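Student: The structure that follows is given in the form of structure tokens.
Throughout, read-outs are computed from the coordinates displayed, never taken from laboratory work. The shown structure was predicted, so the numbers you read here are calculated from the model rather than taken from an experiment. A quick note on method: Cβ atoms are made from the backbone with ideal geometry, for glycine too, and the neighbour counts reach across all protein chains shown.
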Amino acid sequence: MGRLASQIAQVLMGKDKPTYNPSMDEGDGVIVINAKDVDFTGRKWDQKLYRWHTGYPGGLKERTAKEQHSRKPDAVLRAAVLGMLPKNNLRRSMARKLRIFPGSEHNMDGFVNVAPFRMPDRKIRDKGDVLVLSPGFEPLNPEVYWKKYGSRLQKMKEKASIQQDN
């Protein structure tokens with residue numbers, strides 16, 4: 001969700017163009033289809049809250065991301081993109097150029113110059129050897145320790161054996 005929203009916000013602002021000027025709205029329009037397929041990492045579906053106030057006393061309302069997505073699939077992505085746009089007078093004109101459709105059907109056929117966009121691969125960095133155990137190491141609580149670090153140690157051993165084979 002966040003990586004997609006940041007890419008959309010850059011195109012709406014025009015930051016992908018060599019003529020970028022922060023005081024002018026020179027960005028392109030963006031049409032997003034299949035917004036119902038966006039996904040969060042971790043537990044954000046249950047923990048992320050969308051809040052608003054009705055204006056009446058005690059009128060603070062909130063919904064989880066899962067509830068908001070089930071009601072309006074495009075609202076979650078729109079909120080993420082609008083949060084990444086600059087908070088100035090150009091924000092409204094940039095937001096008007098964003099069209100989000102929950103499914104693959106849309107009514108923008110005459111307006112679209114199709115330039116399919118593919119998300120760049122995630123930049124996951126290898127942190128190297130996480131655990132280096134001294135000889136004779138004995139964990140205080142072996143059951144919890146091996147449950148937590150056993151898979152990492154197994155991966156490190158496999159990686160070391162592959163490097164030795166080469």
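Student: Subtracting the Cα-Cα distance from 0.36 nm times the residue separation, let me have the gained length for residue 64 to residue 154 in nm, one decimal.
Tutor: On the way: separation 90, 0.36 × 90 = 32.40 nm, distance 3.74 nm.
Net length gain for the segment: 28.7 nm.
Student: While we're looking at this one, here's another question. Taking the chain as a Gaussian network, Cα atoms linked when under 10 Å apart, which of 92, 122, 152 shows the biggest mean-square fluctuation?
Tutor: With Cα springs under 10 Å in the chain, the top fluctuation among 92, 122, 152 is at 152.
Student: Any of 61/148; 48/155; 72/123; 15/61; 44/147; 44/123 with alpha carbons more than 27 Å apart? Name them for me. Let's see the in-between values first.
Tutor: Working: 61/148 39 Å; 48/155 33 Å; 72/123 30 Å; 15/61 35 Å; 44/147 25 Å; 44/123 20 Å.
With Cα atoms farther than 27 Å apart: 61/148; 48/155; 72/123; 15/61.
Student: Based on the Cβ-Cβ distance of residue 93 and residue 165, what FRET efficiency does E = 1/(1 + (r/R0)^6) give at R0 = 41 Å, to the nearest 0.05? The partial results should precede the final answer.
Tutor: On the way: r = 59 Å, r/R0 = 1.44.
About 0.10, to the nearest 0.05.
Student: If you build a Gaussian network model of the chain, linking Cα atoms that sit under 10 Å apart, which residue out of 150, 59, 110 swings the most?
Tutor: 150
Student: If you keep only loop residues by DSSP, which trypsin sites (Lys or Arg not before Pro) in region 52-89 have at most 10 other Cβ atoms within 10 Å of their Cβ?
Tutor: Working: sites: 61, 63, 66, 71, 78, 87; in loops: 87.
When the trypsin sites (Lys or Arg not before Pro) of region 52-89 are filtered for loop state and at most 10 Cβ neighbours within 10 Å, 87 remain.
Student: For residue 56 and residue 23 in the same chain, what is the full-extension length gain: residue separation times 0.36 nm, less their Cα-Cα distance, in nm? Show your work: numbers first, answer last.
Tutor: On the way: separation 33, 0.36 × 33 = 11.88 nm, distance 3.66 nm.
Between residue 56 and residue 23, full extension yields 8.2 nm more.
Student: For residue 144 and residue 16, calculate 0.36 nm times their separation in residues minus their Cα-Cα distance, and state this gained length in nm to one decimal. If you can, show how the numbers build up before the last one.
Tutor: Values: separation 128, 0.36 × 128 = 46.08 nm, distance 4.86 nm.
My answer for the length gained is 41.2 nm.
Student: Return 17, 48 ranked ascending by Cβ neighbour count within 10 Å, so the fewest neighbours appear first. List each step's numbers first, then the result.
Tutor: Numbers: 17 13, 48 17.
Ranking 17, 48 by Cβ neighbours within 10 Å, fewest first, gives 17, 48.
Student: Now for a different question. Over the chain, what is the percentage of antiparallel beta bridges among all DSSP beta bridges, to the nearest 5? Numbers along the way, then the final one.
Tutor: On the way: 5 of 8 bridges.
Taking every DSSP beta bridge within the chain, about 60 percent pair in antiparallel fashion.
Student: Then there is this: From largest to smallest, what semi-axes in whole angstrom does region 1-111 give when each is the square root of 5 times an eigenvalue of its alpha carbon gyration tensor?
Tutor: Working: eigenvalues 133, 67, 38 Å².
Calculated on Cα positions only, the semi-axes equal 26, 18, 14 Å.
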